[in-house]
1. Which is out of contact with any Pro (no Cβ under 8 Å at 6 or more places or on another chain) and aromatic (Phe, Trp, Tyr), of PHE65, PHE86?
2. Looking at THR79, THR91, which is the one that is surrounded by 12 or more Cβ atoms within 10 Å (Cβ to Cβ) and among the hydroxyl-bearing types (Ser, Thr, Tyr)?
Amino acid sequence: MEDKRRFNRWGLEEKAVIDLEGAKEEVKVLDVSIGGMRIVTNTPLDKEKIVTGEFKILPNVGPFFVKGKVIWSNPRGDTFESGIVFDKVSTIPLS
């Protein structure tokens, strides 16, 4: 099967904090690329929902701050796996 992704993905097992319109949740980041990330949450995320987040993927570099949109969310046992496409990525907090 041909991979049609625009960006290379890096597999991770890192924690991140996402903000869903004021409700913060710690999530697990499964993989990340320049264009988005795949995460595991305890609650389902609505498609098209805007999320912001903060995570650290490089040991000697500060955290990354992202803003994006949920493009899919599927149940996986008692958790939910979701795809987020980034609108913004920064090394300084996004307002």
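1. Answer to the check: PHE86.
2. One residue alone meets the criteria, THR79.
Only the coordinates and a few stated rules stand behind these numbers; no lab work does. Since the model is a prediction, treat every value here as computed from it, not as a measurement. With ideal geometry, Cβ positions are generated from the backbone for all residues, glycine too; neighbour counts draw on all protein chains shown.
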